[in-house]
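Contents: one structure, followed by commentary.
Readers should treat all values here as calculations from the given coordinates under stated rules, not as data from a laboratory. As the structure is a computational prediction, the values presented were derived from the model and not from experiment. Neighbour counts run over all protein chains shown; Cβ positions are idealised from the backbone, glycine included.
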Amino acid sequence: MGYPLPWSIYLRSGELLAPAGFLVADALVHERLMSAMPVRAATAADPERSVIDVESSSSDDKGPAHTNDPLKYLKHNAEGVILTFKLPSDFEPRNVPVEFYGRIPLQSVIVSAPALGLGTSQTWQTFEGMPLTVQVIFGRSLCMFKTTVMRYAPLPSGHLFLRYPVDAVTKSFRQALRVDAQIPASITMQDNYTVPAVITNLSGSGCAVATGFILGQPGTRLKVSFRLKMSDKARVVSVPCVIRSIKGKLSQQMRYGIEFDEQVDEAVLLTLKSFVYEHLAER
């Protein structure tokens with residue numbers, strides 16, 4: 001303990017457990033490493049009896065071939081990560097989107113370090129050991145787990161090593177992730193006439209809008225513009241779209257199911273997904 005590993009170590013399935021130079025910081029890290037019964041690449045100086053062939057099984061090998069990994073399906077497929085935490089000076093928990101950098105199986109999850117807004121006197125290093133909740137969206141799944149900040153590294157860009165969870169809850173979604181909302185919007189018709197509306201739910205692929213105006217029939221192409229507030233920053237989004245469904249009566253508000261154009265700009269699509277992920281974290 002207290003020293004870096006002289007060589008890379010692996011699970012008996014062949015998956016990297018920790019790279020050479022990884023610091024075994026404390027007894028808990030040491031215990032987690034040893035519980036996986038790791039192996040390393042053999043060298044010419046190793047006794048023959050200590051060499052293990054990971055491609056074959058042996059009755060003398062009592063170690064587990066696989067270690068239960070609660071994040072085994074999470075690789076580099078993370079589309080969005082939300083950290084939820086509360087600093088001593090905060091009245092309410094923060095929900096902050098961050099970038100997923102990777103993971104060291106059974107050891108740590110690595111994400112970008114979000115700005116704290118506390119000046120240079122207090123950085124993430126001040127809050128090492130702080131508990132937080134992590135939500136990761138990948139594919140059609142939402143994964144949530146509780147963890148703590150193990151270590152903050154300022155270079156090459158600020159990032160956090162989060163303690164690997166003992167367990168995690170993963171939920172699958174059959175449809176696009178969608179959140180309820182009350183967002184004022186402006187609908188531009190085909191003749192460039194603009195009418196007000198309210199977005200009542202939103203996803204990365206479409207939305208539902210309520211309005212007292214007739215927008216058209218299914219298949220009618222429109223443009224919807226609205227303002228999204230994320231992490232105390234407002235962003236204006238304007239998206240071409242098409243009407244897919246209509247509900248309501250002329251004497252009441254009409255409700256339209258709208259699908260965003262497939263050719264939506266990548267930056268706009270990322271903004272929509274970030275908004276959805278951030279509001280999922282608030283549930």
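Please give the contour-minus-distance gain from E128 to K146: 0.36 nm per residue of separation, less the Cα-Cα distance, rounded to one decimal in nm. Can you show the working numbers first?
Working: separation 18, 0.36 × 18 = 6.48 nm, distance 1.47 nm.
Using 0.36 nm per residue and subtracting the Cα-Cα distance, I get 5.0 nm.
How much length, in nm to one decimal, is gained on full extension between F91 and L23, taken as 0.36 nm per residue of separation minus their Cα-Cα distance? Let's see the in-between values first.
Details: separation 68, 0.36 × 68 = 24.48 nm, distance 3.54 nm.
Working it through step by step, the gained length comes to 20.9 nm.
Under 5 Å between amide hydrogens, built in the peptide plane, is the criterion, and for T220 it picks out I243 among residues at least 5 positions away or on other chains.
The packing ranking, built from the mean of other Cβ atoms within 10 Å per residue, places the peptides 96-106, 208-218 in the order 96-106, 208-218, highest first. Packing, as the average of other Cβ atoms within 10 Å across residues, places the peptides 195-207, 146-158 in the order 195-207, 146-158, highest first.
Is there a pair in K171/K233; K146/K233; K86/K273; K229/K273; K72/K273; K75/K233 whose C-alpha atoms are over 18 Å apart, and which pairs would that be?
Details: K171/K233 29 Å; K146/K233 27 Å; K86/K273 24 Å; K229/K273 13 Å; K72/K273 24 Å; K75/K233 30 Å.
Listed pairs above 18 Å: K171/K233; K146/K233; K86/K273; K72/K273; K75/K233.
Within region 209-231, what residues put their amide N at less than 13 Å from the label point 7 Å along the Cα-to-Cβ vector of M189? Hits in region 209-231 for M189 at 13 Å: 212-217, 221-223.
Relative contact order of region 218-280: 28 percent, from C-alpha pairs under 8 Å at least 6 residues apart in sequence.
Round to the nearest 0.05 the FRET efficiency obtained for K171 and R227 when R0 = 35 Å and r is the Cβ-Cβ distance. Before the final figure, lay out the partial values.
Numbers: r = 30 Å, r/R0 = 0.85.
Using R0 = 35 Å, I get an efficiency of 0.75.
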